[in-house]
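Trainee: Pasting a structure below so you can have a look.
The values are calculated or read from the model by the stated rules, or taken from the named source; none is laboratory data. Here the structure is a predicted model, which means the values were calculated and not measured. Cβ coordinates were reconstructed from backbone atoms using ideal geometry, including for glycine residues, and neighbour counts include every protein chain displayed. For the accessible areas, the whole protein counts, side chains as well, though only heavy atoms, and no ligand, DNA or RNA atoms are used. Shrake-Rupley method; radii C 1.70, N 1.55, O 1.52, S 1.80 Å.
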Amino acid sequence: MKKIRVLVIDDSALIRKLLTELINSQRDMEVIGAASDPLVAREMIRDMNPDVLTLDVEMPRMDGLDFLEKLMRLRPMPVVMVSTLTEKGSEVTFRALELGAVDFVAKPKIDIASGLKQYTDEIANKIRIAMTARIRQHVSAPVTKSATADAVLPSIANRVASTEKLIIVGASTGGTEAIKDFLIQLPPDSPGILITQHMPEAFTKSFANRLNNLCRISVVEAQGGERVLPGHAFLAPGHSHLLLKRSGANYMTELNQGDLVSRHRPSVDVLFRSAANYAGKNAIGVILTGMGKDGVAGMLEMHRAGAYNLAQDEASCVVFGMPKEAIAAGAVDEVVPIKDMAKRVLARLSGMGKHSHRV
């Protein structure tokens, strides 16, 4: 069996040692080198030709982002960021994903040695996913609200649809960029939106704030008990399942800290099943890039309840796992590139293009 060859880049000798031990404990991967900063790493990449990098965000001599930007422009390759659980760390992490990093692993704040050992499976799985991921092109400048102004689509032709309908979104690996690319095109009067993205608890609030600063709709981390109104999107917090409920004539959010579902909390399946139960044909389901099957069973229930479902196409996915499985299960009505997802959803809401591009 050919092992995945990993280069670890981190200024902390302890983190380098621990990551090396954790990665080498896996039968299908090995650390071929460990660099203390990007300048050392640059030579090792050239000499060793690794399959995957783990890259620290904050390092001396050259910032991790500067290195990543140059790497993805000159020699694109799979990168998993190792990020600190801070507000600044989360902002930098999202910029790294924007630049083309496949995913990230959060460093535990305390007791690093035992904390990282608990992350062995997560680190190993993300390296495996990175090895198979579609590496995206480098983005030169940070995305800003003013830069996205021209991307916003016109308001929905059928105004009634924006109050009666809901958009229900699920994503995993690569989803932070896909969700951003989808939401920034939506006009302020879009239907209410509920989103589950697999992400650690410390990052979901920062992600929601980032989206809110870029979009014409309001985006918040769900607190539970909120009324779902047009022009508002609610992101599942990293510690809880997000569900749709009804209270009289109103749609409401609900949080649930129950067991893992499809190995996740928050789980896309939980959100999609609640949409099937409480919204039925008033829901539009959107399944985006991600590894695994979370959301497939729930999307099939939405389909059977009369929802119209769209999946991101393979060419624009970082990982064509969840959409592929949903398509194979017969849960999807339309397969769409991420750049066209908002347009197709709004067309559906306006009563246009009902039968075009169907699977």
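Trainee: Could you tell me which residue of segment 73-85 is most open to solvent (accessible area, probe 1.4 Å), considering only residues that are more than 18 Å from D37 (Cβ to Cβ) and out of contact with any strand residue (DSSP E or B) (no Cβ under 8 Å at 6 or more places or on another chain)?
Mentor: Here the answer is R73.
Trainee: Tally time: how many residues in segment 39-61 are open to solvent by less than 40 Å² (accessible area, probe 1.4 Å) and touching a Gly at 6+ places or on another chain (Cβ under 8 Å)?
Mentor: The total comes to 5.
Trainee: If I filter segment 268-281 down to residues being in contact with a Phe, Trp or Tyr (Cβ under 9 Å, 6 or more places away or on another chain) and of a type outside the set (F, W, Y), which single residue comes out as most open to solvent (accessible area, probe 1.4 Å)?
Mentor: Only one residue tops the list, namely K281.
Trainee: Answer yes or no as to whether M62 is in contact with a strand residue (DSSP E or B) (Cβ under 8 Å, 6 or more places away or on another chain) and touching a residue at least 24 places away in the same chain (Cβ under 8 Å).
Mentor: So M62 does not fit the description; no.
Trainee: Still on this structure, I have one more. Give all pairs with beta carbons closer than 9 Å in which a residue from segment 339-359 that is closer than 28 Å to R136 by Cα and open to solvent by less than 30 Å² (accessible area, probe 1.4 Å) meets a residue that is at pLDDT below 85 and of a type outside the set (A, V, I, L, M); count only pairs at least 6 apart in sequence or on separate chains.
Mentor: So the pair list comes out as L346/P154; L346/S155; A347/G353; A347/K354; A347/S356.
Trainee: If a residue must be of a type in the set (F, W, Y) and in contact with a Phe, Trp or Tyr (Cβ under 7 Å, 6 or more places away or on another chain), how many such residues does segment 198-234 contain?
Mentor: Final tally of qualifying residues: 1.
Trainee: How many residues does segment 261-273 contain that are over 12 Å from T196 (Cα atoms) and modelled with pLDDT of 95 or more?
Mentor: Total meeting the criteria: 2.
Trainee: Let me ask something else about it. Restricting the search to segment 219-236, which residues are under 20 Å from I184 (Cα atoms) and in a loop (DSSP other than H, G, I, E, B)?
Mentor: Residues satisfying the conditions are A222, V228, L229, P230, G231, A236.
Trainee: Against the definition (more than 26 Å from G351 (Cβ to Cβ) and buried (at least 23 other Cβ atoms within 10 Å of the Cβ)), how does L310 come out, yes or no?
Mentor: It is false that L310 is more than 26 Å from G351 (Cβ to Cβ) and buried (at least 23 other Cβ atoms within 10 Å of the Cβ).
Trainee: Quick check: anything in segment 5-15 within 25 Å of Q118 (Cβ to Cβ), assigned to a helix (DSSP H, G or I), in contact (Cβ under 8 Å) with a residue 60 or more places away in the chain and among the β-branched types (V, I, T)?
Mentor: yes
Trainee: For T20, work out the one condition from (1) open to solvent by less than 50 Å² (accessible area, probe 1.4 Å); (2) in contact (Cβ under 8 Å) with a residue 60 or more places away in the chain; (3) among the hydroxyl-bearing types (S, T, Y) it doesn't fulfil.
Mentor: Here T20 clears every test but (2).
Trainee: Something else about it: So which of K293, K339 ends up being closer than 24 Å to L153 by Cβ and of a type in the set (D, E, K, R)?
Mentor: Criteria check complete, one pass: K339.
Trainee: Continuing with this model, one more query. In segment 228-253, how many are touching a strand residue (DSSP E or B) at 6+ places or on another chain (Cβ under 6 Å) and under 18 Å from K205 (Cβ atoms)?
Mentor: Of the residues in that region, 10 qualify.
Trainee: Follow-up question, since we're still on this one. With (1) in contact with a Gly (Cβ under 6 Å, 6 or more places away or on another chain); (2) over 23 Å from R134 (Cα atoms) as the list, and M291 as the residue in question, which single condition is left unmet?
Mentor: Among (1) in contact with a Gly (Cβ under 6 Å, 6 or more places away or on another chain); (2) over 23 Å from R134 (Cα atoms), M291 violates only (2).
Trainee: What residue, of S36, S90, is among the polar types (S, T, N, Q), open to solvent by less than 50 Å² (accessible area, probe 1.4 Å) and at pLDDT below 90?
Mentor: Among S36, S90, only S90 is among the polar types (S, T, N, Q), open to solvent by less than 50 Å² (accessible area, probe 1.4 Å) and at pLDDT below 90.
Trainee: Can I ask one more? Looking only at residues that are buried (at least 24 other Cβ atoms within 10 Å of the Cβ) and of a type in the set (S, T, N, Q) in segment 177-196, which one is farthest from D294 (Cα to Cα)?
Mentor: The extreme case among them is S190.
Trainee: Against the definition (of a type in the set (F, W, Y), assigned to a helix (DSSP H, G or I) and either modelled with pLDDT of 90 or more or under 22 Å from the mean Cα position of the chain (by Cα) (or both)), how does F104 come out, yes or no?
Mentor: Judged against the criteria, F104 is not a match.
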